[in-house]
Amino acid sequence: MTVRHHVSDDLLLSYEAGSLAEGWSLAVATHLAFCPQCRSRARAASDVGGALLEEIEAARVDEGSLDRVMKRIAGTRPDEEAGEPRQASGATIPEPLRSYVGGDAGSIKWRRLGLSARQALIRTADKKTSVRLLRIPAGEPVPQHGHRGPELTVVLGGALIDADQVFRRGDIEQADETVEHQPTAGPEEDCICLAVTDAPLRFKSLMVRLAQPFLRI
Amino acid sequence: MLQAVSPLLEPWQFGRQGTLRGSPRGWVVATGNRVLKSSPDAARIAQLMSDCIRAVAVSADRAAFEELFRHFAPRVKSYLQRGGGAAAAAEELMQETMVTIWRKAGQFDPARSSASTWVFTIARNLRIDAYRHERHPEIDPNDPVLVADDEPAADALIEARQAAERVSAALAELSEGEQAILRLAFFEDQTQSAISERLRLPLGTVKSRMRLAFGKLRKALADSTGEFP
């Protein structure tokens, strides 16, 4: 499997800096699970944090700070070292997303979104983003929408076709308020993807717009 | 004993007067708002810190942990204060970070990251949890669903530390404006939109400067490994 659509540098830096809200970070981390290439770039981005930490102007620690920490670790040993990679489990959703879903694909509780699409909301601790899984039936379009803010989509299964671009498992799509698009699920199978937004989507169809408050999309 | 783990130690790095408390030959290079070029001593400190974390992991070495504390505690506290924490909160969270370093030392992989990068990620995650009450979602390197790295990690041990050194050196070459943006993102927990407001720059400019800065850092890495990841 080769991922073709990657995380942009500025997003990756913000992720490693820790300044990205949890919802966006979940999309980035999910892509990273699929993409060794971006993981290597992510390591360079976290090295920026390490380098800046080395150069930071040191603060004065409290008197007795070291003693208190030594007291806290007294009589304890570090945790056991990490073991070998776990054996294949047949799961299809990678961590960290699997933990957020509460299990693998089988444990997703789908709800209707429009006529045939399905969605499952994912809870995060940040209040800025809405995070959801979408299931778009094979060959069908995602209702056409524009954005009031950015949107990150990571394909987990099937394919998403957007204009002349095809997004497959592991690919990430970054859209923003300048994009009005109508992605379509590939013809072979349903498309399952993780979608993160920070503002309600602008749907063209009045029917969908009227239903938006109930769909929480 | 740590000495056995690290033959690189010099007298000033150990012994009663020799702890990393002081500033021998100017290895504390942080001044003002400009990142300075790292010195050869910085490379030795990096090696020492890496060895100290391994010594904690392998033999619960308290002397090694003290060295880690002396080097990292003042930096981590400073980092936590810049992220918006009051001094008392930063002190408490710094102590929590140090205890976490002790506890998780076995997870540190010198082939994957430098000591300071590893410590940074621990402090960062605790800060996100404490100040924003959020998590920092991360891959699980042992997850069977994870798509594995293609390249075998031959010589990776040297590479991880060298990569960190190169990033550090390239960082010093960035313009003040680029460094300022990185510092706001990494230290002050500012989102791209917040940075754009703070610096009165269009959001697109903030993004493109981040990309440009990161491009230069990656170029510095590529010049050493021959690949441009």
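Laid out as a table, the results:
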quantity: Any hit, the range B:150-164, residues being out of contact with any Lys or Arg (no Cβ under 8 Å at 6 or more places or on another chain) and among the β-branched types (Val, Ile, Thr); calculated: yes
quantity: Residue B:54, sole failed condition from (1) modelled with pLDDT under 95; (2) more than 28 Å from residue B:182 (Cα to Cα); calculated: (1)
quantity: Hits in the range B:177-227 - residues which are surrounded by fewer than 16 Cβ atoms within 10 Å (Cβ to Cβ), facing chain A (nearest Cβ under 8 Å) and at positive phi; calculated: none
quantity: Of the criteria (1) aliphatic (A, V, I, L, M); (2) in contact with a Pro (Cβ under 6 Å, 6 or more places away or on another chain); (3) in a helix (DSSP H, G or I); (4) within 22 Å of residue B:99 (Cα to Cα), which one residue A:61 fails; calculated: (3)
quantity: Pairs where the first residue, in the range B:56-68, is closer than 18 Å to residue B:46 by Cα and the second is modelled with pLDDT under 95 and β-branched (Val, Ile, Thr), C-beta under 7 Å, 6+ apart; calculated: B:67/B:19
quantity: Every residue from the range B:119-133 that is of a type in the set (A, V, I, L, M, F, W, C) and crowded, with 24+ Cβ neighbours inside 10 Å; calculated: B:119, B:120, B:123
quantity: Any hit, the range A:130-149, residues being among the acidic types (Asp, Glu) and under 25 Å from residue A:39 (Cβ atoms); calculated: no
quantity: Condition broken by residue B:102, with the remaining ones in (1) under 21 Å from residue A:29 (Cβ atoms); (2) assigned to a helix (DSSP H, G or I); (3) in contact (Cβ under 8 Å) with a residue 12 or more places away in the chain; (4) facing another protein chain (nearest Cβ under 7 Å) satisfied; calculated: (1)
quantity: Leading residue by the ranking (surrounded by the most Cβ atoms within 10 Å (Cβ to Cβ)) among those in the range A:1-38 that are of a type outside the set (A, V, I, L, M), within 7 Å of chain B (Cβ to nearest Cβ) and not in a loop (DSSP other than H, G, I, E, B); calculated: A:25
quantity: Residues (within 7 Å of another protein chain (Cβ to nearest Cβ) and in a helix (DSSP H, G or I)) located in the range B:43-61; calculated: B:56, B:57
quantity: Matching residues in the range B:79-88 - criterion: being surrounded by 21 or more Cβ atoms within 10 Å (Cβ to Cβ) and within 7 Å of another protein chain (Cβ to nearest Cβ); calculated: B:79
quantity: Test: residue in the range B:83-98 that is among the charged types (D, E, K, R) and touching a residue at least 40 places away in the same chain (Cβ under 8 Å); calculated: no
quantity: Checklist (1) among the acidic types (Asp, Glu); (2) within 16 Å of the chain's Cα centre (by Cα); (3) closer than 30 Å to residue A:169 by Cβ; (4) at pLDDT 90 or above applied to residue B:188, failing item; calculated: (3)
quantity: Selected residue [within 21 Å of residue A:100 (Cβ to Cβ), touching a Lys or Arg at 6+ places or on another chain (Cβ under 8 Å) and either among the hydrophobic types (A, V, I, L, M, F, W, C) or more than 7 Å from chain A (Cβ to nearest Cβ) (or both)] from B:122, B:139; calculated: B:139
quantity: Among (1) farther than 23 Å from residue B:160 by Cα; (2) modelled with pLDDT of 95 or more; (3) within 7 Å of chain B (Cβ to nearest Cβ), the one test that residue A:79 misses; calculated: (2)
quantity: Single residue of A:171, A:190, A:164 found to be more than 24 Å from residue A:25 (Cβ to Cβ), modelled with pLDDT of 95 or more and not aliphatic (A, V, I, L, M); calculated: A:190
quantity: Selection status of residue B:174, at pLDDT below 95 and surrounded by 18 or more Cβ atoms within 10 Å (Cβ to Cβ); calculated: yes
quantity: The listed residue being surrounded by fewer than 24 Cβ atoms within 10 Å (Cβ to Cβ), part of a loop (DSSP other than H, G, I, E, B) and at pLDDT 95 or above, out of B:66, B:91, B:138; calculated: B:138
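The values are calculated or read from the model by the stated rules, or taken from the named source; none is laboratory data. On a predicted model such as this, the values are computed, not experimentally measured, just so you know. Cβ atoms come from the backbone with ideal geometry, glycine included; neighbour counts cover every protein chain shown.
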